[in-house]
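Participant: Sharing a structure with you now.
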C-alpha cells in the first residue's frame, strides 16, 4: 500500500496561516473491536475487517473518561458541522480532518402529511444538504480523514452511486487518488461528479456486490485501500453523528421511531451505536431508545426476509431490481449487525414497492417541498404502511430520513413522471 | 461431530481459513484444489456437505455444481452445496443456485455466518 503524508485539514485558521486545534481534549477513541468475535485492534494502524472471523470492526471510545470530561450541552456552541463532535470521532489530529462542511442537516417537521396520516409529530432529517447532496458525505469524511491520518494515498470503493461521488470529492480534497466501481446503470449524476473530482471510474455489468468483489480484488492486487461499507471501521463513525444530532435536536429525549432506508445499513447501525454511546455517557434524559424501522424495496429486500424468518444473517437476494439504486444491495456485509440492532430496538423491517416509492416521492415534493431520493421516499411509503398496521401511535415522534437529494436521480424521476 | 466436508477451493489462503473454521467446530475437511479432483473426492459416501469456490482453474464452479448434482443423485440424502465466490459478475448468484447450489456466499466469508449455515445443514447432536 502506498503511504503518503496527509494534507492539512479543518479548523483553527488564524490570520498568520497557522493551524491550532480548538479542542481541549483529544478524542476518546481507545480501540477497535470485532463485532463478531470481540478481538481488539489498536486504532493507530491500518485495519479493514477482522482477519479472524471476517466481521466488521467497530471503534470503541473510553466513555467513562468522556463522561467525566465532556458536557453534552457545550457542543451546540461550537462551529456547526459533523466535526464539532470531534472527541467522539476517530481522528486524533484535527489537522488531518478532511471536511467539506458535512453534518448538522435540517430536521423538518412535516406540515401537511402529518395531518393527513393522523399523526402529530412526523419529522424529516434532511440529509440532502450535505456536500455532494447525500448522507454519504458523513461516512466518507470520517473514513477519508482517518485514511489521511494513517497516511493512505489511494482509495477505492464499490458503490451503487452516492458513496462513489462522495469518496471522489473527499479524496480530491485530501489529494488522494480515487478509484470507483459503479454498476453500469448507476445514476448518471454520480458517475459524472466522480469523474469531475478526478476519480478513475470503472462501470461494471452487475450490482454493488459484484462491484465489491472486483474492487476488493483490485485493491489487494494494486494496493488501493478499500473504503467499502463496513470493510473499514470509520464510515459508520461519520454516520453515527446523525444520532447525536437527533438527540440534541430533541433535547436529549430520543424520538420513538426512526424510519431508515436500508441498503448497506451503515446509518442504521451507526445511529444505534450512537444511542448506546450516549446512554453510557449519561446524556439521555430518559431511558428509552427509538424503534428502528429498516425500509427496503420489494425487489431487493434481504433484510426484511431475514427479519421475518428470524434469521441471524441474510440470504443473498437474487435478481435484485428496484428504481432505488441505493437499496439495490443483495446482501450487506453487516447484515448480522443490522438484524441485531433492529431486534434490540424492538423495531421492524419493511419492504415497499417501486410504485409506492414513486408515489411517496411525488407526495413529499408536492405537499412538503422536499424532493427526496427514491430511497428516502421509501420511508414515507413505509410510514403509510405502519399507520395502516397501527404500528405507530399518533403522539409518537417519528423521524424519516431523507438520505439524499432527488436531484441526483433526475433520470429515474423524469422517466417516472 | 467429525462430519466430513469437502472443500473445493484453489486459493491456499482461503483454504487455510476454511480449514481453521471447520476444524474449530470439529468438522473434518477434505480438500480439493481444483474442480475435477473435487468431483472425484465427492464420491466418498461419507461427505456430508460441499463448499464450492466458483472461480476454479479447470472447470468453473457452476459446471462442477451441475455435475455434482447429477453424480450424487443416487444418494439417499441430498448433499448441501454452498457456493463461495470472490469475483462475482452479474447473475452469478442466480447461476449458482440454478446449477444446484443451496446457498451463495460472497467473500470475505463471515465465519459466524458460515458456522450458522453449517449448523443449519448439519445440526450438532446436542442442538
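Participant: For segment A:22-56 and segment A:80-151, compute the distance between their C-alpha centroids and round to whole Å.
Facilitator: Going from one Cα centre to the other spans 22 Å.
Participant: Please state the shape class of chain A: rounded when a/c is under 1.5, otherwise prolate if a/b exceeds b/c and oblate if not, all from the C-alpha gyration tensor. Walk me through the intermediate numbers first.
Facilitator: Values: a/c = 1.43, a/b = 1.16, b/c = 1.23.
It comes out rounded by the Cα gyration axes.
Participant: Here's something else I'd like to know. Segment A:213-284 to segment A:315-387: how many Å between their Cα centroids?
Facilitator: Distance between centres, Cα-based: 17 Å.
Participant: Among B:116, B:42, B:65, whose mean-square fluctuation peaks in a Gaussian network model of chain B (Cα, cutoff 10 Å)?
Facilitator: B:116
Participant: If you don't mind, another one. Mean-square fluctuation check for chain B, GNM, Cα pairs under 10 Å: which of B:16, B:97, B:51 is largest?
Facilitator: Highest fluctuation among the options: B:16.
Participant: Can you grab the distance from the C-alpha centre of segment A:168-191 to the C-alpha centre of segment A:192-208, Å, no decimals?
Facilitator: 5
Participant: Just for chain A, what percent of DSSP beta bridges are antiparallel, to the closest 5?
Facilitator: Working: 16 of 47 bridges.
Around 35 percent antiparallel, to the nearest 5.
Participant: Let a ≥ b ≥ c be the square roots of the eigenvalues of the Cα gyration tensor of segment B:4-121; is it rounded (a/c under 1.5), or, if not, prolate (a/b larger than b/c) or oblate?
Facilitator: The shape class here is rounded.
Participant: Another question, then. Looking only at A:82, A:278, A:242, which one moves most when chain A is put into a Gaussian network model with springs between Cα atoms under 10 Å?
Facilitator: Highest fluctuation among the options: A:278.
Participant: Counting helices only, and only those DSSP H runs with n ≥ 4, report the 222 nm mean residue ellipticity of chain A as the sum of -39,500 (n - 2.57) divided by its residues, in deg cm²/dmol to the nearest 500. Intermediate results must be reported in sequence, preceding the final value.
Facilitator: Working: 13 runs with 148 residues, N = 417.
It comes out at -11000 deg cm²/dmol, rounded to the nearest 500.
Participant: With a 10 Å Cβ neighbour count serving as the proxy for reagent exposure, in which order, fewest first, do B:85, A:318 appear?
Facilitator: Details: B:85 20, A:318 17.
Ordered by Cβ neighbours within 10 Å, fewest first: A:318, B:85.
Participant: Relative contact order (percent) for segment B:4-121, with alpha-carbon contacts under 8 angstrom and 6 or more residues of separation?
Facilitator: Working: 176 pairs, mean separation 27.2, N = 118.
Taking the mean separation of contacting Cα pairs over the length of segment B:4-121, I get 23 percent.
Participant: What percent antiparallel are the DSSP beta bridges of segment B:4-121, to the nearest 5?
Facilitator: On the way: 0 of 18 bridges.
Taking every DSSP beta bridge with both residues in segment B:4-121, the antiparallel ones total about 0 percent.
Participant: Follow-up question, since we're still on this one. Hey, what did segment A:115-214 get for relative contact order, percent, Cα under 8 Å, at least 6 apart? Working shown, then result.
Facilitator: On the way: 153 pairs, mean separation 23.4, N = 100.
Once normalised by length, the contact order is 23 percent.
Participant: Over chain A, what is the mean sequence separation of C-alpha contacts under 8 Å (at least six apart), divided by residue count, expressed as relative contact order in percent?
Facilitator: Working: 929 pairs, mean separation 70.5, N = 417.
Reported as a whole number, the value is 17 percent.
Participant: Under the classification rounded if a/c is under 1.5, otherwise prolate if a/b is larger than b/c and oblate if not, where does segment A:230-372 fall, given a ≥ b ≥ c as square roots of the Cα gyration tensor eigenvalues?
Facilitator: On the way: a/c = 1.91, a/b = 1.27, b/c = 1.50.
In terms of gyration-tensor shape, oblate.
Every number in this text was worked out from the coordinates using simple rules, so none of it is lab data. All values reported here derive from a predicted model rather than from experimental measurement. Methodologically, a virtual Cβ is constructed for each residue, glycine included, from the backbone with ideal geometry; neighbour enumeration extends over all protein chains shown.
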